[in-house]
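Only one structure is covered here, and it is reproduced in the block below.
The values are calculated or read from the model by the stated rules, or taken from the named source; none is laboratory data. Just so we're clear, the structure is a prediction, and the values are computed from it rather than from any experiment. Quick reminder, even Gly has a Cβ in these numbers, built from the backbone with ideal geometry, and neighbours come from all protein chains shown. These area figures cover heavy atoms from the full protein model, side chains too; ligands, DNA and RNA do not enter into them. Shrake-Rupley method; radii C 1.70, N 1.55, O 1.52, S 1.80 Å.
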Amino acid sequence: MPQLLEVTEYDVIILGTGFIESILAGALARIGKSVLHLDANNFYGGNWSSLNFKELLEWTRSIQGVDGAYSTIEYEFYPIHEQVEDIPAMLLKESKRYNLDLAPKMVPCRGELIELLISSGVGRYLEFKAMDKTYIYSADTFDKVPCSKEDVFTNQSISLIEKRKLMRFLTFALDYTNSPDTYKDYEEKSFTTLLIEKFKIDGKLLLAVLYTIALIRTDANDVNTIQGLEKTQSYLKSLGRYGNAAFLVGLYGCGNEIAQGFCRVCAVYGGIYMLDHSVKHLLIDENSNKFTGLVDVNDQQISSTFLVSSIDYLPPRFLKEDEHWETTSRAIVIIDKFIHEESGDASLTVYPPETVKNKYPVTVLQFSAGTQTCPEDRYTVSDTKPNPLFALFYRHKKRVVSSSEIPENIIIASDPDSSLDFEEATIQARQYFEKMCPGEEFLPAGPDPDDEDEFIV
């Protein structure tokens, strides 16, 4: 039987240990709020989790047929090696050496999350590796995308004329706000139009800028010039801070490791944690339409001023119809060799639209043992490639709530989206904190903060 609580009144109850919920837990406890943090799962991270191989199989079975964030879930083992008769047994034996992200993402070397990790001191709990290689697919070949000025001029797949065009654009984009005449009359036009008409960038180089530098995840024609320049500038500013890379990936999986770092802050400042602790129902006053508390698995009534909740814990009436939901097709694949000729700890490969019968860009994140996501001689891929040992396919929904139905003292932490970073989620956490605690400092450093120089990469 789950443990009974001695205290049943709190400033904030938080349901779910996902990324946004965990940031808020740390921030609220840090300013002295009493926090009760519950999760129905026996692991941290919720829909942002990293699971070992056995946990991943158990997770796929537990959500089959459940009406929630996932659908079309199927997996398969591939007995491709004559010397290995039992692939499932082999992978299960290695299970604890895997850390497989359900919603894999990267951390920009300059951005909202990295600055928060440094300023709050949470970064001292974490380790990262640089995303050291990026590739783009075109016409049955993979071209390495240059990550610096030196890379541009040593890249053999780009002609000298294209190199000059690219450098001219990148120099402009890094400080574009000081050259408004260059993009005058293009603000509302597509970013693609600016690149073609003003910088004469087209063909494979255009695809590289759109999908591996600006990292556009939708139809490029839906991204206007200002949006495209902001994305490009963000990428360029991230280069050079931690080596020759714009992004970092977390060791031991990214999502729930970062979440646990913020949960640790919450616990240090008095937060109460209970995993494997479910909730029967929420208590909402019919007259005021305000959240007053909940009833947990033990039939204990627990009250609080605010509720922060993952969508998983909400009554169905709070959700919009699923035609409003963004859906991302995901795959987790275990293979026994690196995709590209050059090996490394982490790489990003992008398939632009219409290259493999895809309407939108397909991104492949590949990790090796150096990121602590898999054993030696194994590689994890967040997509599918030839010769796998195991492949899991699933569709991940970003559910949408009906704001008119939600009591004003309930804060909803959104599901992971299709983006490749945590920036929007980090901004959302800060905005929610400011709504709950106007005028309070968001995650100030602890009594013994680490210097930026001690951040481990």
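Brief remarks on what is shown
- Only one entry in L170, L205, L113 is within 22 Å of the chain's Cα centre (by Cα), surrounded by 18 or more Cβ atoms within 10 Å (Cβ to Cβ), within 30 Å of F367 (Cα to Cα) and not β-branched (V, I, T), namely L113.
- Set G228, G261: member being open to solvent by less than 10 Å² (accessible area, probe 1.4 Å) and under 30 Å from L174 (Cβ atoms): G228
- Any hit, region 176-198, residues being modelled with pLDDT under 95 and within 26 Å of the chain's Cα centre (by Cα): no
- The condition of being farther than 25 Å from L348 by Cβ, open to solvent by 10 Å² or more (accessible area, probe 1.4 Å) and charged (D, E, K, R) does not hold for R97.
- Taking the criterion of being open to solvent by less than 10 Å² (accessible area, probe 1.4 Å) and farther than 30 Å from L15 by Cα, the residues of region 313-364 that qualify are V333, I334, I335, A346, S347, L348, T349, V350, P352, V364.
- If you go through region 54-78 and keep only what is aliphatic (A, V, I, L, M) and exposed (fewer than 13 other Cβ atoms within 10 Å of the Cβ), you end up with just V66.
- Restricting region 106-119 to residues that are touching a helix residue (DSSP H, G or I) at 6+ places or on another chain (Cβ under 7 Å) and not hydrophobic (A, V, I, L, M, F, W, C) leaves a set whose member that is farthest from A246 (Cα to Cα) is E112.
- Exclusive hit being surrounded by 19 or more Cβ atoms within 10 Å (Cβ to Cβ), out of contact with any Lys or Arg (no Cβ under 6 Å at 6 or more places or on another chain) and assigned to a helix (DSSP H, G or I), set T177, T212, T134: T212
- Restricting L100, L91, L117 to those that are on the phi < 0 side of the Ramachandran plot, in contact with a Gly (Cβ under 8 Å, 6 or more places away or on another chain) and not assigned by TED's automatic domain parsing to the domain that holds A214 reduces the list to L100.
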